[in-house]
Amino acid sequence: MANTQKESDHGSRPTKTMDDADDFYRNPEDSRTYQDRYRVFIEDVADAFYETDLKGNFTFFNNALCRIFGYKKAEIKGQNFRRFMNAENAQRAFESTHRVFRTGKGITNIIWEIIRKDGRTCILEISAKLILDDKGKKVGFRGIARDITAEKRAAQTSQALFHMATALVQFRSLDERLAVVVQEVRKLIGVDGASVILIDKAKNEFFFRVADYESIETIRRIQEIRFPLNKGVAGLVYRTGEPVIAPNPYTIPDFYSVVDKLSGYKTRNMLDVPIWIQDRMIGVLCAVNKRDGIFAQDDVALLSTIAGTVAFPIENARINEELSRSYEEVKSLNSAKDNIIHHLSHELKTPVSILSASLGLLEKKLEAAAVDMRWRQILDRAQRNLNRLLEMQYELDDIIEEKGYTAHLMLVTLLDACADELEVLVETEAQEMHPASADPDRGDGVDALVGRLRKRIDTLFGPKEARAERIRLDTFVKARLKATRPLFTHRKCRIVEQYEKTPPVWIPPEVLQKTVDGIIRNAVQNTPDGSRIEIRVVDRKEGPIFVVADCGIGMTVEKQRMVFQNHFVTYDTASYATKKPYDFNAGGKGFDLLRIKIFSERYQFAIGVESHRCRFIPLDSDVCPGDIADCRHCKSERDCIESGGTTITIQFAPAPARKPKSKTALK
């Protein structure tokens, strides 16, 4: 402070204020000069200057103090500093000034929080020294007060945002992230409660996803509440897109008092700000019951900053939550699907087996009757479609890893379920063949015949271990192609073969046979007559590779996403219902590829698919005539080859040098 006498650490003299400044100098001109200078210094500085008596009543202050407090001079003059603080801050201010009084030493950097006339909280950095009279008596305090509200708020905001950003990365769930947000809001703004109110567009409702209050019971009740989008202060924010301060909510028509009634909580004041994702509002960030003063524009700016910072992490967590929920639903549906497939697999066994046996008996009867042979075509058609069902049954068994339930269990089930019918049937056949051998004691009657049938079934169809072996892929594929060629001699596809000598692979022969046959059959059924199929076995450093490249119709992009991932129908079922295996478009079940996918996971080989849909028939609904000669777009084999096709690659690992000691037999 500027004054005419030397100041000590224990106080300052004189006690005269500006009104008595003329006593400092005997020369009136010097007194006036000093007074002018003193007034300019005091009144024009940005920081507040103050003097109080020992009780803390303001005796002198400048205009800056009035500006900071938000009061007029007449409203501050003679008032005690406690009037402008809450009880906690008043006690802190008393302790700091009492320490100055007790020790006689001035202090600096004291932090006071005052409440302005407009209700806003203001943070001050205070310095204080004793005022001594001419006799050295302690008569009051004087010092400087600097408004550091903006600095403190910025520091608190930065710290809170940093903490939230760190926490939001650590937590993945939506509720954990929102809990961090509301806790920081309560601390930063100084409120009794904070909540995140999200929007449920499907129901046109608000709901409290997360809330933080002093009472756990209040939190529980609030988080159970939902209310319409057009209700409440949150509804006003939703309609206008702007923050809303409600100093006394019960005087606002938009206030939805039902929330207070249901929660048992009394809202004195509140601030709601929107949470935006680009041009879409996803919710409202709400703060209620400010402890000191009322909500002001700096609170709006602060809460809006928080809302903007956490909006994307909240939305990302919500999307992840929905994805996780969808994933669990898909898992549940997939499990239900497996159960249904398993059930249908078992349910098919008895009727299919009975139909197969009945067709066999019918064929014998018709042959014995020597009737018109036109029945043969009808019976062949029925047998062909029944074989399709049987094949589907076997493939289903492979997929659900119930390999024991093939023809063996079908026939055993048939014996168990239809013992009476079989007994009559066998007895009739036996009596017709050997009428005199029906004596059970001789061991060749009905009981013995049924026993022999059961033994024969066990021998032919009983479950066997699928034992892995060392197999040369090149020789195996060559042999399988030779074995399957007679099945599609009626087709006019040109087969191009290429075999490189390869090291052996380690896999059960029956699994490799189903894999190779299935890939070849798939290629033949997708390639029109007159076009080409390439079958190659090549040796690479990673291991032998089996490649089948057809120049067929190919797959659309959508079908490629589905291949080897789900059971899917390749073509309209109406287009292959009456066709034979290996006919063009005779596929369609999709089990071949799905079963090979299951095998690849079980026996550790990799599958790759590359396909280009024929450019002349780009849609799944477009139909290929099945023969280049009938295609109006292709004049030669090259035209068809260049138009589309599918390449399936299977990468095997080379067999180990020695036979593995574990997992040699997989059932």
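The values are calculated or read from the model by the stated rules, or taken from the named source; none is laboratory data. Please read these numbers as outputs of a predicted model, since none were measured by experiment. Note that each Cβ is placed from the backbone with ideal geometry, even for glycine, and that neighbours are counted across all protein chains shown. Heavy atoms of the whole protein, side chains included, go into the accessibility calculation; ligands, DNA and RNA do not. Shrake-Rupley method; radii C 1.70, N 1.55, O 1.52, S 1.80 Å.
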For region 197-302: relative contact order, % (alpha-carbon pairs under 8 angstrom, 6 or more apart): 23
Links that overshoot a 19 Å alpha carbon limit, given the list 117/290; 152/187; 77/152: 77/152
Here is the link list: 73/129; 231/266; 365/482; 55/105; 55/135. Which ones come out longer than 27 Å on Cα distance? 365/482
FRET efficiency for residue 557 and residue 489 from the Cβ-Cβ distance with R0 = 30 Å, rounded to 0.05, comes out at 0.30
Reported to the nearest 10 Å², residue 619 has, with a 1.4 Å probe, an accessible area equal to 100
Using 1/(1 + (r/R0)^6) with R0 = 56 angstrom and r between the beta carbons of residue 98 and residue 173, what's the FRET efficiency to the nearest 0.05? 0.65
Using the per-residue mean of other Cβ atoms lying within 10 Å as a proxy for protection, in what order, highest first, do the peptides 602-608, 471-477 fall? 471-477, 602-608
State, as an integer percentage, the relative contact order of region 106-253 based on alpha-carbon contacts under 8 Å between residues 6 or more apart. 11
If you average the alpha carbon positions of region 103-180 and of region 475-507, how far apart do those two centres end up, in angstrom? 85
If DNA, RNA and ligands are ignored and the probe is 1.4 Å, what is the ranking of 510, 542 by accessible area, most exposed first? 542, 510
